[in-house]
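Peer 1: Input: one structure, supplied below.
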Amino acid sequence: MTDDGSFWDTLDPRYRVILCDVWGVIHNGKQIYPGADRRLLRWREEGRSVVLITNAPRPATSVESYLERIALPRCSWDAIATSGEAGLAALAGLGRPVGFLGTPADRADFQDRGVRIAEDEDWTDLVSAGFEEHRWEIEDYAADLERWAARGVTMHCLNPDRVVVYGSRQIPCAGAIADVYEAIGGKVVWYGKPYPAIYDHALSVAGSPAPEQVLAIGDGLQTDMLGAARMGFDAVFVSGGIHAGEPFPHGFAQRHGLGDWHPVAVVESLR
């Protein structure tokens, strides 16, 4: 593992754009990790553009409000790109009511942005923002998933993460439900990392830099690292997030057909 401080303090100036994951890198769902805010501020002081790129299934404005509540300085970042925004753009073109899976707060966010959510099951598309409150086991959804798959429902997964760190525990995300739905033959449309749309949006707000000017930072192997590799970005793997100190797996690139790609560094945190 690279010494975090020495790596960050000598970061190559060619990285003009930082695409930084949020949950598991900047905060743990309850509070900011020590030193994360200072690192973001330093990058901006160095003239780098900091784009927070997250698989949060909500609009960027909701993420911004949450970061304000946990006291992340607004001056520490330039823009936010979310999987929720990518999904909203696609859902706007459906022109018909959709089913919904997630919390009441998630539902309200999408209704506020003009998504028409059906009150019955007379729909062919389902928006999956995540687990419902008080239903935190995949098994709780088995009958629903079987029924939707039999009807040919398309699930729009707005958070490809499988788990996130919340305080000292891990909680499941929409990606875990979508995996099961695909496994039983259901159709899933994925938004967010590691898929291109969220990166295209993030790069557009950062001035469309060349890939070699971009550094992606994250704690997710199947989202942050895989997405960065497919986009041709250098990346830093933060091992202190959902993988809880595990080393970067040696067979990652071979398993995903990425040639000899590997992160430029493995660090525990942004400190």
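The values are calculated or read from the model by the stated rules, or taken from the named source; none is laboratory data. The structure displayed is predicted, hence computed values, not measured ones. For neighbour counting, all protein chains shown are included, and Cβ atoms are generated from backbone atoms with ideal geometry for every residue, glycine included. Surface areas here come from the heavy atoms of the whole protein model, side chains and all, with no ligands, DNA or RNA. Shrake-Rupley method; radii C 1.70, N 1.55, O 1.52, S 1.80 Å.
Peer 1: For the condition more than 16 Å from Leu158 (Cβ to Cβ), surrounded by 19 or more Cβ atoms within 10 Å (Cβ to Cβ), among the small types (Gly, Ala, Ser) and touching a strand residue (DSSP E or B) at 6+ places or on another chain (Cβ under 8 Å), what is the one hit in Gly192, Gly218?
Peer 2: Gly218
Peer 1: Filtering the range 227-239 down to residues that are surrounded by 22 or more Cβ atoms within 10 Å (Cβ to Cβ) and small (Gly, Ala, Ser), which residue is farthest from Thr10 (Cα to Cα)?
Peer 2: Gly227
Peer 1: So, one more: Quick one: which helices (runs of 4 or more DSSP H) sit completely within the range 41-135 and have at least 1 residues that are in contact (Cβ under 8 Å) with a residue 60 or more places away in the chain and open to solvent by 20 Å² or more (accessible area, probe 1.4 Å)?
Peer 2: Passing ranges, in order: 83-91.
Peer 1: Let me spell it out: the conditions are (1) within 24 Å of Pro209 (Cβ to Cβ); (2) open to solvent by less than 50 Å² (accessible area, probe 1.4 Å), and Arg16 meets all of them except one. Which number is the exception?
Peer 2: Every listed condition holds for Arg16 apart from (2).
Peer 1: Another question, then. Could you tell me which numbered condition Trp190 fails, if it satisfies all but one of (1) under 12 Å from the mean Cα position of the chain (by Cα); (2) within 18 Å of His262 (Cβ to Cβ)?
Peer 2: Answer for Trp190: the failing condition is (2).
Peer 1: Moving on. Taking the range 181-210, which residues are in contact (Cβ under 8 Å) with a residue 12 or more places away in the chain and more than 24 Å from Gly24 (Cα to Cα)?
Peer 2: Within the range 181-210, Tyr181, Ile184, Gly185, Gly186, Lys187, Val188, Val189, Gly207, Pro209 qualify.
Peer 1: Within the range 162-178, can one find any residue that is farther than 25 Å from Asp125 by Cβ, open to solvent by less than 20 Å² (accessible area, probe 1.4 Å), in contact with a Gly (Cβ under 8 Å, 6 or more places away or on another chain) and modelled with pLDDT of 95 or more?
Peer 2: Checked the range 162-178: no residue is farther than 25 Å from Asp125 by Cβ, open to solvent by less than 20 Å² (accessible area, probe 1.4 Å), in contact with a Gly (Cβ under 8 Å, 6 or more places away or on another chain) and modelled with pLDDT of 95 or more.
Peer 1: Starting from the range 253-271, take each residue that is free of Cβ contacts under 8 Å to residues at least 60 places away in the same chain and list its partners that are open to solvent by 40 Å² or more (accessible area, probe 1.4 Å) and of a type in the set (Gly, Ala, Ser), counting only C-beta distances under 7 angstrom and pairs at least six apart or across chains.
Peer 2: The qualifying pairs are Ala253/Gly259.
Peer 1: If you don't mind, there's one more thing I want to ask. Can we say Thr124 is under 22 Å from the mean Cα position of the chain (by Cα) and more than 17 Å from Cys173 (Cα to Cα)?
Peer 2: Answer is no for this residue.
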